[in-house]
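Let me begin by presenting the structure, written as structure tokens, before commenting on it.
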Amino acid sequence: MSGIFNTSDQDSALFIGGSRISGQEVRSQNVMAALSIANVIKTSLGPVGLDKMLVDDVGDVTISNDGATILQLLEVEHPAGKILVKLAQQQDTEVGDGTTSVVILAAELLRRANELVKNHIHPATIITGYRLACKEACKFIADQMAQKVDKLGREALVNVAMTTLSSKILGTYGTFFSEMAVDALSAVKTTDFRGKARYPVQSVNILRVKGASARESHYFQGYALYRPITSPAMKQSLKDPKIAVIDFDLTKTRLKLGVNVVIDNPENLEAIRKREADISAERVRMILDAGVTAVFSTRGIDDMYVKMFAEAGAITVTRVPKDDARRIAKGTGAQIITTLANLDGGESFEAAAIGSAELVEQVRLSDDDIVIVRGASEQRASTVILR
């Protein structure tokens, strides 16, 4: 019985079926899998590259010459082949272009490395050589080939963006969208403490709105949220708002799990219910007394407290995604408040946590309302509306 677990013979069959291989044979198979995938998309490289038509099990047809799209639709089972697919997806996520190039380059490096292994050079030595070559190549590009963006001018930047878009589905609108991309990034240009220009991509928000044609897409300066103002009774536009970003519920306070209150008088029950509502009402008054006129909450606000904000002339936006809340806080100079508790055991709202902007307004797009924060005090932002 113990004989089936014996692994001394590499060519012996495994007890679960199949066979065991190792060494040079495995390396050759992995390289062959990488080369096979590279050969599939090699003909789609370049401005005169061929389009690929892929048909899935359902019968849906996809025509593309984008490397990441083609590899995503291919059913790759080989582990080494899957690494190349993930490589293309990572390149698409990080850069947005060059997906075909990195796969072809990686496959060629593997092929050359396999030849060196056959000449009895250890794989560790080859890896060290590749890493050294990578450092030298990056250094050469930085010293000899790279040029500062400010020296290139707007036309060169538009051409770079157009090259990237040429292999995408928006290729026919290349000029339109490349100019939009350059304008959107130029709008968020900042300078760090060294005086070096920075273009934070995270400051560009992209909203996808159904309806209208692709050519009706546009960009504007300001940060847009795909959320409406909570109540129609509130102002649709507010100049010079004082902004608070909160990460807690403004609902009736409830006792924590496991806490029981025994009541022998029905009047006490009503007093407890009233106090539950008053606790959150006091928090709302605390926020309003600090001078806040616009509240962005990652959670919900009950109608009775929304009414209090509306009567005070403030606006609220609820269920704001956490990422958007962080960006608004960073741009306006606000702090995300998770609790009003202070070190004295009570509750207070610090004025230092309030941010500012030039304008908060609600705009109607198609069938949806979006809220726009314009003129953030700390960090500029721009939004691209894709139709």
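Here the accessible area of the stretch 145-211 is 58 percent carbon and sulfur, with a 1.4 angstrom probe and all protein chains present. What net charge do the residues around residue 240 carry, taking every other residue with its C-beta under 14 Å from that of residue 240, with Lys and Arg at +1 and Asp and Glu at -1? Summing Lys/Arg as +1 and Asp/Glu as -1 gives +2. Fully extending the segment from residue 311 to residue 83, taken as 0.36 nm per residue of separation minus the present Cα-Cα distance, adds 76.3 nm. Counted over the chain, the DSSP beta bridges are approximately 65% antiparallel. Largest GNM mean-square fluctuation across 273, 198, 208, computed for the chain with C-alpha springs under 10 Å, falls on 273. The loop-placed GluC sites (Glu not before Pro) in the stretch 77-139, going by DSSP, that have at most 10 neighbouring Cβ atoms within 10 Å of their Cβ come out as 77. Summary of packing: across the peptides 186-192, 333-339, the per-residue average of other C-beta atoms within 10 Å ranks them, highest first, as 333-339, 186-192.
Hey, with R₀ at 25 Å, roughly what FRET efficiency would residue 148 and residue 387 work out to, going by the Cβ-Cβ distance, to 0.05? The value I calculate is 0.15. Ligands, DNA and RNA left out, the accessible area of the stretch 303-342 computed with a 1.4 Å probe is 47% carbon and sulfur. The modelled label-to-label distance between residue 112 and residue 56, using points 7 Å beyond Cα along the C-beta direction, is 3.7 nm. Residues in the chain average 63 Å² of solvent-accessible surface per residue, probe 1.4 Å, ligands and nucleic acids excluded. Taking θ as phi - 60° and the Karplus parameters 6.51, -1.76 and 1.60, the scalar couplings of the stretch 203-212 work out to 7, 9, 9, 10, 10, 9, 10, 6, x, 6 Hz in sequence order, x denoting glycine and proline. Spin-label model, residue 179 to residue 263: label points 7 Å out along the Cα-to-beta-carbon direction sit 6.7 nm apart. I'd like the orientation of helix 79-94 relative to the chain: the angle between its Cα long axis and the longest Cα principal axis, in ° from 0 to 90, rounded to 10. Tilt relative to the chain: about 50 degrees.
With 32 Å as the limit, the listed pairs 52/148; 239/274; 148/322; 42/118 have 52/148; 239/274; 148/322 beyond it between alpha carbons. For the chain, the longest stretch holding no chymotrypsin sites (Phe, Trp or Tyr not before Pro) located in a DSSP loop with at most 12 other Cβ atoms within 10 Å is which? After excluding every exposed loop site, the longest remaining stretch is 194-387.
Over the chain, dividing the summed -39,500 (n - 2.57) contributions of all DSSP H runs of at least 4 residues by the number of residues returns a 222 nm mean residue ellipticity of -12500 deg cm²/dmol. Taking 0.36 nm per intervening residue step and subtracting the Cα-Cα distance, what contour gain separates residue 368 from residue 186 on full extension? Result for the pair: 62.7 nm of gain on full extension. A straight chain from residue 215 to residue 134 at 0.36 nm per residue would run longer than the Cα-Cα distance by 25.0 nm.
Between the Cα long axis of helix 99-118 and the first principal axis of the chain there is an angle of about 40°, rounded to the nearest 10.
Test of understanding: in a Gaussian network model of the chain with alpha carbons linked when under 10 Å, which of 347, 311, 25 would top the mean-square fluctuation ranking? Of 347, 311, 25, the Gaussian network model singles out 25 as fluctuating most. For the pair residue 74 and residue 120, a Förster radius of 25 Å applied to the C-beta separation gives a FRET efficiency near 0.10, rounded to the nearest 0.05. Given the alternatives (1) 36.1; (2) 33.6; (3) 37.7, mean projected area of the Cα convex hull in nm² as computed for this entry is given by (2). With both labels modelled 7 Å from their Cα along Cα-to-Cβ, the residue 271 to residue 299 distance reads 2.7 nm.
The values are calculated or read from the model by the stated rules, or taken from the named source; none is laboratory data. Remember, it's a predicted structure, so these values are computed and weren't measured experimentally. Neighbour counts are summed over all protein chains in view; Cβ atoms, including those assigned to glycine, are modelled from backbone coordinates with ideal geometry. The protein model used for the area step is the full one, side chains on, heavy atoms only, and it has no ligands, DNA or RNA in it. Shrake-Rupley method; radii C 1.70, N 1.55, O 1.52, S 1.80 Å.
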